[in-house]
Structure formats: structure tokens, C-alpha cells
1. If you check 72, 81, which single one turns out to be within 25 Å of residue 161 (Cβ to Cβ), in contact with a Cys (Cβ under 8 Å, 6 or more places away or on another chain), modelled with pLDDT of 85 or more and charged (D, E, K, R)?
2. Please go through the stretch 159-192 and pick out each residue that is among the polar types (S, T, N, Q) and exposed (fewer than 15 other Cβ atoms within 10 Å of the Cβ).
3. I'm trying to understand the selection: among the residues of the stretch 112-153, which are touching a helix residue (DSSP H, G or I) at 6+ places or on another chain (Cβ under 7 Å), part of a strand (DSSP E or B) and not β-branched (Val, Ile, Thr)?
4. Given (1) in contact with a Phe, Trp or Tyr (Cβ under 9 Å, 6 or more places away or on another chain); (2) farther than 12 Å from residue 155 by Cβ, where does residue 138 come up short, assuming only one miss?
5. Which residues, taken from the stretch 60-106, are among the small types (Gly, Ala, Ser) and assigned to a loop (DSSP other than H, G, I, E, B)?
6. Here's a check for you: in the stretch 204-219, which residue that is within 26 Å of residue 115 (Cβ to Cβ) and touching a Leu at 6+ places or on another chain (Cβ under 7 Å) is surrounded by the most Cβ atoms within 10 Å (Cβ to Cβ)?
7. How many residues does the stretch 106-119 hold that are at pLDDT 95 or above and out of contact with any strand residue (DSSP E or B) (no Cβ under 6 Å at 6 or more places or on another chain)?
8. Going through the stretch 75-134 one residue at a time, which ones are closer than 28 Å to residue 174 by Cα, surrounded by fewer than 22 Cβ atoms within 10 Å (Cβ to Cβ) and hydrophobic (A, V, I, L, M, F, W, C)?
Amino acid sequence: MIAGSASACSLDRVSAVRGDEFKLAGEEAALRSADTIAANKLMDRFDDHHSVWLFGYGSLIFKPDFPFIECRPARIRDWTRRFWQGSHDHRGTEISPGRVATLIAQPGATCEGIAYLITPDVFDHLDYREKNGYLRFTTDMTFEDGSGAEGLVYIATQDNAAFLGQAPEREIAIQIAASVGPSGRNSDYLIELAQALRKLGKADPHVFAIEQHLNDLAG
């Protein structure tokens, strides 16, 4: 297995991922838990696969701290990236949570990201990294050459205990500017994601608007 990095994804290999119906991993009660490790371990669909595609749309784009075989820029349709998820363990604290990205269903929308080809032994690491409200879901992915593959994506749904919900982008920026956690400043997360999207040649009005508000707040 090759330990790759996000920079290994050449921008001339843009791939399209078509969002399909996502399937919940875990039981109903797990949706309301802030710690999703146990619920995600119930999803064993890909445990016997040699490899599986993982779609990243937040920090997985600029901070892939796991080994992967291959990565490709990718897209999911009918989902949009929003900074509506609270972060108590990475970019904030229980008392002062930060805000990080999750996916919200929106017909006709597209979410640009990166797909990583990983092996199932990476699941334990990812489940721990994404434990603050994120559950594994499956989706069918389609790449630019027309081929398809079933893969994984982590989503923090509105039912999870850390979900903060919608807010004006300036208010989100104010909260992000004031938040810091074990993984660093919340503002770094937002800025690094915005920069990574620009390097991919992809626009996200929500992310870029929050970034502009952060710049305004910094003077």
C-alpha cells in the first residue's frame, strides 16, 4: 500500500462522482450520539474488500493523514458542503465548539472533493478521526472515464449531538475565528480548505464567503 498525499492528485485527472442514495451505517439511536465509533464499526460492507474509494470534502482534502493507493479529484451531485457541524475534538472544545464541514442534501447541487482509494485497515483510523458525529455512508461513484465504483463518505447528519445547523456566513466566520482545539485553529481549517479548492480549480461560494468574512474580521 502506498502512503500518498493530496499533492499526488494531478489536476488534469479531474473525476466526476455522481451522488446516489446514501445508506445509514448504525442503528437509529447512534444518530444522536456525538461519538460514532461504535456505530461505524457496525458497517462491515467493505471489510472483505481489497480496496474501497473514500470521498473527502473537508479536511480529508488537505490533510489526508492515512495511507492510500490512489487519489482523484471527484464530485458528488445533489449534496452541498456546509459549515454546520460542531467540532468539540479537533477545531474547538465542548465549551467552545468550532465549525467544520458536513454534507447537506440539496437537489441539483454539486460538491467537489477528492476520492481516495484505501484498504479496509484504514477504517479504524478514519472512524476515530471522524468520531465527533460522522457516520459512514455508501455511495456510487462515477469517474471521468465513465467507470463506476461503490465507495464511502463520512457525513454528520442533522440528528447528531454535535450538529450546530444553519447560520449566516458572517456569524459562522465569527465563531470560527474564535475557536481553537487539539488539531489547531478553526480558521486554519477553513482557509486551508479554501486554498485546496482553488488549487483544484473548484469554487465553493459558501466556503469562499466565510473565508472573506474571516479576512475582513482580521482587518
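The values are calculated or read from the model by the stated rules, or taken from the named source; none is laboratory data. All values reported here derive from a predicted model rather than from experimental measurement. Every residue, glycine among them, receives a Cβ derived from its backbone with ideal geometry; neighbour counts consider all protein chains shown.
1. On the way: 72 fails: within 25 Å of residue 161 (Cβ to Cβ).
From the options 72, 81, the qualifying one is 81.
2. Just the residues of the stretch 159-192 that are among the polar types (S, T, N, Q), to begin with: 160, 166, 175, 179, 183, 186-187.
The answer is 166, and nothing else.
3. Within the stretch 112-153, the first condition is being touching a helix residue (DSSP H, G or I) at 6+ places or on another chain (Cβ under 7 Å), and the residues that meet it are 112-114, 127-128, 131, 135-136.
Then keep just the ones that are part of a strand (DSSP E or B); that gives 112-114, 135-136.
Those that are touching a helix residue (DSSP H, G or I) at 6+ places or on another chain (Cβ under 7 Å), part of a strand (DSSP E or B) and not β-branched (Val, Ile, Thr): 112, 113, 135, 136.
4. Condition not satisfied by residue 138: (2).
5. Here is the first cut: in the stretch 60-106, the residues among the small types (Gly, Ala, Ser) are 74, 86-87, 92, 96, 98, 101, 105.
Those that are among the small types (Gly, Ala, Ser) and assigned to a loop (DSSP other than H, G, I, E, B): 92, 96.
6. In the first step, residues of the stretch 204-219 are kept if they are within 26 Å of residue 115 (Cβ to Cβ); the result is 204-211.
This time we only want the ones that are touching a Leu at 6+ places or on another chain (Cβ under 7 Å), so: 204, 207, 210-211.
On the way: 204: 22, 207: 23, 210: 27, 211: 22.
So, considering only residues that are within 26 Å of residue 115 (Cβ to Cβ) and touching a Leu at 6+ places or on another chain (Cβ under 7 Å), the one surrounded by the most Cβ atoms within 10 Å (Cβ to Cβ) is 210.
7. Summing the residues that are at pLDDT 95 or above and out of contact with any strand residue (DSSP E or B) (no Cβ under 6 Å at 6 or more places or on another chain) in the stretch 106-119 gives 1.
8. 84, 95, 104, 105, 109, listed by residue number.
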